[in-house]
Amino acid sequence: MSGGAFDPVARVFVPEAAGTTVRLRGWLSKSRSSGGILFLLLRDRTGSVQVTGKRDVLGDAAFDAATHVQVEGVVAVEGTVHSDPRAPGQREVRAGAITVLHAGEPFPIMADQTEEFRLDKRHLVIRSADHVATFRVKAEVLRALREFLDQEEVLETTPPILSGNAAEGGAEAFQIDYFGRPGYLSQTAQLYLEALLVPNERVYALTPSFRAEKSRTPRHLTEYQHLEVELAWCDLAELLAFEERMVEYVCHAVGRRRPHELTQLGRPPEELLAITAPFPRLRYADAIDRLSAQGFPVQWGSDLATAEERALTLESHTPIFITHFPRELKAFYMLRSEDDPRTVEAADLLAPEGYGEMVGGSCRETDLGRLTERLKETGAPLEEYEWYLDLRRHGSVPHAGFGLGVERILRWMLRREHIRETTPFPRTPSRHTP
Ligand code: 4AD
Ligand code: MG
């Protein structure tokens, strides 16, 4: 084969391609030979195509070499495009030449292997069609989030991941040895975003967050992608309006731009295009009433566990906000409600159909005295928060913010059973390799 550019596999499927010569290169998803004919399924980033090669066309040496290429081996092909109703996509490339670029070793991934084995071989398993589709949708979610925030004039910032204090109470923070002193991996960028807020008024960060929770649930990772936003001059109503517009924007962008991947993964794109703001708002107190009427053993002050969140959203096709939680259930920095001092100006956004919390947000306490008092109640070491308290000493303004778990929203959007399917190399209590 002489030099020159290669064609993307997708080129084979455009109507005008029939009868033309193409030059392709890529990986073999399948390979078999019978009666002097080789059948290959060749894949590149744009698609897959059936390639056939005949011994009498290729010559004995080239035919034998091509026959020995393993699944996931790499070849270059020059051939002509034929319409063939039996081939996938009704097109086939008949090879005039096949060059082996990497024959490879026998591919260890096969059907019906255990989930543990597949997790051990995750670096190879992520080539599967479902994983490829999933991570393309994830890229679209990230792009849409950034696009929306850019349109809303929210500035992207880069808070640290390593810190000398554990932001939201140390219990769930991973501790590391920082040159002989304790260090922590970030659980949230919020406190840093509140500092970056003052000169910029609207800031966000997309960072990994780490949670040392031993919870083996289908919605907990120990490392996840966290999108956090902090907005000045924002009350709870404005915060929820911002969140729901953002979720709607992401659903619509993904529905429009990744219809094939969604369909392949069993999620009709129309369902995401049908997600429209406003989303229902339900006060915590009313949620408790509704749940106890359904027989759940809950009362004022009970945390909403997975089963309760599920019951509240099982019948719903749109996300639901739960607002005004008892302040004991929530973090120290949340603003006390004016009309009911037992509650805070906070809201969780629950995904439909029992997929659980996707976003947690609140208005922040701006008053130095009340914030200090709440910190003391939680037993936090005050000296670690001195820098944060400075923010209430210099130019303190009303503000609010939220954190969205990227894998949580993706799990719902793609209706994945387990959150680990939404990230290429999942970190869970039982696994941090490969
Ligand atoms: O509700 P959380 O803990 O809130 C905070 O960290 C706030 N400081 C955020 C803020 O206001 N800036 O976490 C926010 C979101 C949750 O709603 C959930 O979507 C996701 O982060 N999340 C997780 N995702 C995957 N695995 C875990 N273990 C998660 N824990 C939280
Ligand atoms: Mg939360």
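What follows is calculated from the coordinates using simple rules that are stated; it is not laboratory data. Just so you know, these numbers come straight off a predicted model, no measurement behind them. FYI the Cβ positions are ideal-geometry reconstructions off the backbone, even for glycines, and counts take in every protein chain you see.
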All-pairs alpha carbon distance profile, the chain, 20 Å steps from 0, percent
22, 45, 24, 9, 0
Just to be sure I understand the rule: take each whole DSSP H helix in the chain, project its Cα atoms onto its long axis, keep it if the span is 18 Å or more and its mean Kyte-Doolittle hydropathy is at least -0.5. Which ones pass?
129-151, 236-257
HN-Hα J in Hz across the range 203-210 - Karplus 6.51, -1.76, 1.60, θ = phi - 60°, x for Gly and Pro:
9, 8, 8, 10, 9, x, 10, 10
According to a simple spin-label model (label point 7 Å from Cα along Cα-to-Cβ), what is the distance in nm between Ser430 and Ala307?
2.3
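Can you give the helix-only mean residue ellipticity at 222 nm for the chain, where every DSSP H stretch with n ≥ 4 adds -39500 (n - 2.57) and the sum goes over all residues, rounded to the nearest 500 deg cm²/dmol? Don't jump to the answer; show the numbers that get you there.
Working: 14 runs with 130 residues, N = 434.
Helix-only estimate at 222 nm: -8500 deg cm²/dmol.
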Taking H as built 1.01 Å from N, whose amide H comes closer than 5 Å to the amide H of Gly73, not counting residues under 5 places away?
Leu28
Return the long-range amide H neighbours of Gly96 (sequence gap of 5 or more, or a different chain), with a cut-off of under 5 Å between placed amide H atoms.
Glu78, Gly79, Thr80
When the chain is treated as a GNM, springs tying every alpha-carbon pair under 10 Å, which of Ala62, Ala347, Ala331 comes out with the largest mean-square fluctuation?
Ala62
As straight-line cross-link partners of Lys54, the qualifying lysines (C-alpha separation under 28 Å, not fewer than 8 residues apart within one chain) are Lys30
Distance from a point 7 Å along Cα→Cβ of Trp233 to each backbone N in the range 190-220: keep the residues under 14 Å and list them by number.
198-203
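I need the trypsin sites (Lys or Arg not before Pro) found in the range 40-139, filtered to DSSP loop residues with at most 12 other beta carbons within 10 Å of theirs.
Numbers: sites: Arg43, Arg45, Lys54, Arg55, Arg86, Arg91, Arg94, Arg118, Lys121, Arg122, Arg127, Arg136, Lys138; in loops: Arg45, Arg86, Lys121, Arg127.
Loop-located and lightly packed - Arg45, Arg86.
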Quick one: which residues, 5 or more positions from Gly356 or on another chain, have an amide H under 5 Å from its amide H? H modelled 1.01 Å from N in the peptide plane, none for Pro or chain starts.
Ala351
